[in-house]
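First up is the structure itself, then whatever we jot down about it.
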Amino acid sequence: MFEEIVSRLSEVKIVPVVTVFDKDEAVKLAHSLVNRGYSAVEFAFRSSAGDEGDFIRAGECIKAVRHLCPRMLCGAGTVINPKLAQLAKDSGAQFVMAPGFNPATVDWCIKNELPIFPGVNNPSQVEEALMSGLDVLKFFPAEVSGGIKMLKALAGPFPTVRFIPTGGIDAANAEDYLACKNVIAVGGSWITSVK
C-alpha cells in the first residue's frame, strides 16, 4: 500500500494542503481541485486552540471527500500523535503527513498499515526514519531548513531517500523543488488561494 501511495503522489506532483472543517465546503473544494487537474489533497488537522472538535470535523471532511469525490487521493496532515493517526485512519485517510518525526506516531502507522510521511529536516532524522523502514519523507519546513540546497546535500549520503517538501513552497519555487532528483512531490496551501 505504501508504494502505491508513493507512486500516486509521484504522478500528482503537487499536493494542495487545506484546512477545512465543513464537509460540504471540503467536497466542493475537492471537486474544484479535480476540475483544475489536481488529484490529491492533504486535510490538515490544525486548530488555533487545539480544539479536538476541529480535528473531528477535519476527519469528517476526509470521509465526505472519499465518498463523494472518489478520484481524489485524501491524506491527513499535521498528524502529531497516535491519537490523530487513529482519527485519520478511521476517517478514511489514505496517507498521513507529520510535521516532525515522532517515533510513537510512526510506529502506530506502520503497525496499522497507514502510509506515513514524517517530517524531517536534518541527517539525524533521516537516519531515524531509515531505521523505521521509511525512505520517503516529508521535508519540513523546507524553505527555512535550507530548501533546495539542503535537499541536494542530503542526496549525497542518502541516495535512496526521496522527499515531499512543504513549508514555504509556492507557485514561484514549486518547479525548482520538483526538479530535484530526490523530490517526488511538493505540498502547499498556495493552490487553494488561487481561484
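Within this structure, K111 fails the test of being closer than 18 Å to I184 by Cα, without any contact (Cβ under 8 Å) to a residue 12 or more places away in the chain and either open to solvent by 70 Å² or more (accessible area, probe 1.4 Å) or in contact with an Asp or Glu (Cβ under 6 Å, 6 or more places away or on another chain) (or both). Being over 23 Å from G188 (Cβ atoms) and hydrophobic (A, V, I, L, M, F, W, C), is that true of even one residue in region 65-74? Taking every residue of region 65-74 in turn, at least one turns out to be over 23 Å from G188 (Cβ atoms) and hydrophobic (A, V, I, L, M, F, W, C). With respect to (1) within 15 Å of K13 (Cα to Cα); (2) loosely packed, with under 15 Cβ neighbours inside 10 Å; (3) polar (S, T, N, Q), the lone exception for N122 is condition (1). The set of residues from region 79-103 being open to solvent by 50 Å² or more (accessible area, probe 1.4 Å), more than 20 Å from A40 (Cα to Cα) and part of a helix (DSSP H, G or I) comprises K83, Q86, P103.
Summed over region 157-175, the residues that are under 16 Å from P141 (Cα atoms) and open to solvent by 20 Å² or more (accessible area, probe 1.4 Å) give a count of 5. So E42 passes all but one of these: (1) surrounded by fewer than 18 Cβ atoms within 10 Å (Cβ to Cβ); (2) under 16 Å from the mean Cα position of the chain (by Cα); (3) not aliphatic (A, V, I, L, M). Which condition number does it fail? Only one criterion is unmet by E42, namely (1).
When region 4-20 is filtered for residues that are open to solvent by 10 Å² or more (accessible area, probe 1.4 Å) and touching an Asp or Glu at 6+ places or on another chain (Cβ under 7 Å), only V17 remains. Assess whether L68 counts as being free of Cβ contacts under 8 Å to residues at least 40 places away in the same chain and more than 21 Å from D170 (Cα to Cα). So L68 does not fit the description; no.
Out of curiosity, is K152 charged (D, E, K, R), open to solvent by 10 Å² or more (accessible area, probe 1.4 Å) and either closer than 21 Å to W190 by Cβ or under 17 Å from the mean Cα position of the chain (by Cα) (or both)? No: the conditions fail for K152. In this entry, L134 is excluded by the filter for residues that are closer than 28 Å to G37 by Cα and open to solvent by less than 60 Å² (accessible area, probe 1.4 Å). Taking the criterion of being out of contact with any strand residue (DSSP E or B) (no Cβ under 7 Å at 6 or more places or on another chain) and either among the charged types (D, E, K, R) or not in a loop (DSSP other than H, G, I, E, B) (or both), the residues of region 157-195 that qualify are E175, D176, K181, W190, S193, K195.
The values are calculated or read from the model by the stated rules, or taken from the named source; none is laboratory data. What you are looking at is a predicted structure, and each value in this text was computed from that prediction instead of being measured. Quick reminder, even Gly has a Cβ in these numbers, built from the backbone with ideal geometry, and neighbours come from all protein chains shown. When the accessible area is computed, the model is the full protein with side chains, heavy atoms only, and any ligands, DNA or RNA have been set aside. Shrake-Rupley method; radii C 1.70, N 1.55, O 1.52, S 1.80 Å.
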